[in-house]
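Read the structure below first, then the notes.
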Amino acid sequence: MLHFGDNAYDLVGAFWTTIQLTFLSAIGALILGTLLAAMRLSPVPMLTWIGTTYVNVVRNTPLTLILLFCSFGLAQTLQITLVDRNSPTSIEDSNFRLAVLGLSVYTAAFVCETVRSGVNTVPLGQAEAARSLGMTFSQNLRIVLLPQAFRSVLIPLGSVLIALTKNTTIASAIGVAEAALLMKTMVENQADLLLISGIFAAGFVILTLPMGLLFGWLGKRWAVAR
Amino acid sequence: MPSARPSHTTSRRFRIAAAVALAVALPLSLAACGGGSGGGGDTIVIGTKFDQPGLGLKNPDGTMSGFDVDVAKYVAKELGYAEDKIEWKESPSGQRETLIQNDQVKFIAATYSITDARKEKVDFAGPYLITGQSLLVKADNTDITGAESLQNNKKLCSVSGSTPAQRIKDKYPGVQLQQYDTYSACVEALKNGAVDAVTTDEVILAGYAAQSPGTFKVVGGTFSEEKYGIGLKKGDTDLKIKINDAITKMEKDGAWKAAFDKNLGPAGITAPTPPTVDK
């Protein structure tokens, strides 16, 4: 609890929501992004086309719009709320899950492009050799290409993760009680704007700086020696 | 060659220092260009909301309408500025204090509640309107009649982090609260049936009800007290007195009631007695 005059704010709780949003969306984006990359690399023209269209559409749509679409389009119009409508916390849960969905869908486009660039670092001869050994496309991808691709793009993937962490603040637009929403609340009540912004900026630096360092270190440690 | 090293280091240091100085100076000089004045010369810059029907709304044709706008126009007239000398500046809730402190506006009339925290940063003239938190429901709704009827798992909507949203969370824990960035989004959710009611100051709700008559109604009276004032630069006593006189005059000569009826009458709420200005 953070005390400001008579008011107490659950700073840790808000940042915990930010961390949960980031973590779950990162997993979602990694899975979906890798699938999309596989589609874009696949020899089936239809899959390639779907992957390419997805990336171009989603990557160029503002995140706020995607999240508002999740809330108004999916939940309100199409009734896809992802929760039991009668539960006593349905709004809160629905918003959180829709935010994870929106953030995953958005970030997946960037993960896809990052992974694809990693695949491009693997010498073409390896893919050809694998194919001549009789490996199918998916075996080639799973056993030869992706393991090397991921190792070579750890550092840019770290950047995508940091961007995702900061993007979670947009979830406050559909009412997820994460750090940015608490900041709005505090700005409404308190007079010390600079101090409040400083606290939240520091909070995000504390979250993202270690991520950058960790991925930098991992990237070096697991670099593919060629 | 050892003698070459010191000069090399110095020039390198100098280059870094120069780069840092440039990096600091460039945004500062740009900021200096961007700083507006609070309406020097023969025009006046007034801050208001651009997206609040019935209070401060910028119409598609560029004209301004609403109760706040009418009050601001009257005050400007009393200060000696005709309507065509007013330059309107959009003042979203989170930016109002900053706009005043940076002299980007002369004064702000934008559903601006007088609170102690805000008084630390700006001065207030008025109040020119006393309202309170209320509920907006669909016209055919009968089970929400007031704050007491909210408890059994009703779904409410308000703006993220706003005072009404906080009050609902603190006082009515049985209520589920949906927060959006704007009231328009909340009203949309109410229309879609995703929430049972929208809550905030009664006059704001009345503005939305007046915008689409017959769709919504304001129910339950008020369960808080908000005093709307005109925000101005801290310490500008001269301006504060002039604005207070203008508000008093507006309340006395009937223009105040006329403005209220014109902008918020269609919502079905009657004009309250104008508040007494705090001198």
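Any read-out appearing in this document is the output of simple, stated calculations on the displayed coordinates, not a laboratory observation. Because the structure is a prediction, the values reported are computed rather than measured. All Cβ positions, even for glycine, are placed from backbone atoms using ideal geometry, and neighbour counts span all protein chains on display.
Remarks
- Inter-chain Cβ neighbour average for residues A:82-88, partner chain, 10 Å: 1
- Modelled FRET efficiency - R0 25 Å, residue B:252 with residue B:51, Cβ distances, 0.05 increments: 0.20
- Two-site label geometry, residue A:61 and residue B:42: point separation in nm, points 7 Å out along Cα→Cβ: 5.1 nm
- Sum of side-chain charges, residue A:155 neighbourhood, beta-carbon under 12 Å (Lys, Arg +1; Asp, Glu -1): +3
- The fraction of all Cα pairs in the stretch B:212-279 landing in successive 10 Å bins from 0 to the largest distance is 16, 39, 31, 12, 2, given as whole percents.
- DSSP bridge orientation in the protein assembly as shown - percent antiparallel, rounded to nearest 5: 65 percent
- Estimated from the Cβ-Cβ distance and a Förster radius of 41 angstrom, the FRET efficiency linking residue A:78 and residue A:7 is about 0.60.
- Peptide A:178-185 has a mean shielding of 4, counted as Cβ atoms of other protein chains within 10 Å of each residue's Cβ.
- Two-site label geometry, residue A:218 and residue B:225: point separation in nm, points 7 Å out along Cα→Cβ: 5.8 nm
- Other protein chain Cβ atoms within 10 Å, averaged over every residue that makes up B:187-194: 3
- Angstrom value of the Kirkwood radius, inverse mean 1/r, which spans all Cα pairs in the protein assembly as shown: 26.3 Å
- Per-peptide packing, taken as the mean over residues of other Cβ atoms within 10 Å, places A:178-187, A:202-211 in the sequence A:178-187, A:202-211 from highest down.
- Chain A: calculated mean residue ellipticity at 222 nm from DSSP helix runs of at least 4, using -39500 (n - 2.57): -22500 deg cm²/dmol
- Distance between modelled label sites at residue A:87 and residue B:169, nm, 7 Å Cα→Cβ extension: 2.0 nm
- Degrees separating the helix A:90-119 axis from the principal Cα axis of chain A, which is the longest one: 30 degrees
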